[in-house]
Amino acid sequence: MDERRDILSMSRPELEAALTAMGAPKYRAGQVWRWLHVKRVQSFAEMLDIPSTLREAMDVEFCIKGLFIARRLASSLDDTVKYLYRLPDGHHVETVLMHYRHGWRLCISTQVGCKMGCRFCASAIAGFVRDLTPSEMLRQIDETERDAGVSISGLVLMGIGEPLDNFDNVMRFLELLSDPEGRQMSLRHVTLSTCGIVPRIRELADRRTGLTLAVSLHSADGAHRREIMPIARRYPLEELMEACRYYFSQTGRRVTFEYAVMEGENDSPADAQALAALLRGMGSHVNLIPVNRVRERGYHATRRAAEQFQKQLERRGVNATVRRTLGADIEAACGQLRRDAEGAASQSEG
């Protein structure tokens, strides 16, 4: 295991302090920063305007983390590409590249596995391993742009893991992503999806980052939500909705509610009525997602079922859309590729 410090996860002040402690003049930190976050080099040897002695010293003290493409699935129907990335420690995460009219968006992972245990989610089945570092989140962008030859204009933190369960690393990642002397991505082009960790939603609201908050709701009935989403046992639906209202009041940013439609489970007229009542007066948006079929779970839904539920909501005054289907021919439930890869690795070790 590499014991060197992860230089790509360091803030600008941290980098300056570290290089100054090594005897380098302050301006060197700015040069190194640009190599890392603008030119996005993969080794210290590529930093051509840095003295070789300092490059060698940094190589001893620091590491520049990289990701490796373990599997790449490209859709034949559209421009969607699903990546399975292998991390330096051998674990895997998933990243999805999607093309929209306004540009390329990337859905990234924030953890290896997930603790939340949502019953319809493949990520939860394989269990939680560890948090991703800021550099491992950044590298999902870098490696995808390198491989696909595109520039990412929007980001969704909706892959494997719960972003607010990895709060400090995610906040550092967003800081690095939006740095005016680095990558310069506006956080208004970033969506963060959470299953509902209430204290972190409130803390995120107080930070006023400008990002879009997407809350995984999936049921407007508290008891049913507790059944399918264990996090709801800790943070009841009433507390979650109060936190969402607080987020809107602090940021002025409309909250999106993600609703995975599961046929026969949460798509009845009564479910539509309950959801309309829950969201009344919030000015929110509902994103309906026909749930992906997971081998170990019985949940399923067609796009038609989601569209029928959408009509029920619209009749009750709820602003709802059905998520556009991308890469249908390579569709695998989020976490499925990772589980297949790590399951195969376990069998080979056995």
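Kindly indicate whether Ala320 is over 30 Å from Gly90 (Cα atoms), surrounded by 14 or more Cβ atoms within 10 Å (Cβ to Cβ) and modelled with pLDDT of 95 or more. Yes; evaluated as a whole, the condition is true for this residue. Considering segment 194-208 alone, what residues qualify as being surrounded by 16 or more Cβ atoms within 10 Å (Cβ to Cβ) and either over 15 Å from Arg254 (Cα atoms) or in contact with a Ser or Thr (Cβ under 8 Å, 6 or more places away or on another chain) (or both)? The answer is Thr194, Cys195, Gly196, Ile197, Val198, Arg200, Ile201, Ala205. The sole residue among Cys114, Cys121 that is over 30 Å from Ser11 (Cβ atoms), buried (at least 20 other Cβ atoms within 10 Å of the Cβ) and in contact (Cβ under 8 Å) with a residue 60 or more places away in the chain is Cys121.
Output the residues belonging to segment 58-69 that are more than 17 Å from Glu14 (Cβ to Cβ) and at pLDDT 95 or above. First the steps, then the outcome.
Narrowing segment 58-69 to residues more than 17 Å from Glu14 (Cβ to Cβ): 59-60, 66-69.
Hits for segment 58-69 are Asp59, Val60, Leu67, Phe68, Ile69.
Check whether at least one residue in segment 179-195 is modelled with pLDDT of 95 or more, closer than 23 Å to Ile69 by Cβ and part of a helix (DSSP H, G or I), and report yes or no. Checked against the condition, which is being modelled with pLDDT of 95 or more, closer than 23 Å to Ile69 by Cβ and part of a helix (DSSP H, G or I), segment 179-195 yields no hits at all.
Please determine, by comparing only the residues of segment 146-159 that are modelled with pLDDT of 95 or more and outside any strand (DSSP E or B), which one is surrounded by the most Cβ atoms within 10 Å (Cβ to Cβ).
Taking segment 146-159 and keeping what is modelled with pLDDT of 95 or more, we get 146-157.
Restricting the remaining residues to those that are outside any strand (DSSP E or B) gives 146-151.
On the way: Arg146: 13, Asp147: 13, Ala148: 18, Gly149: 7, Val150: 16, Ser151: 9.
Looking at the filtered set, the residue picked out is Ala148.
The values are calculated or read from the model by the stated rules, or taken from the named source; none is laboratory data. Quantities reported herein were computed from a predicted structural model and do not represent experimental measurements. Glycine gets a Cβ as well: all are built from the backbone with ideal geometry, and neighbour counts include every protein chain shown.
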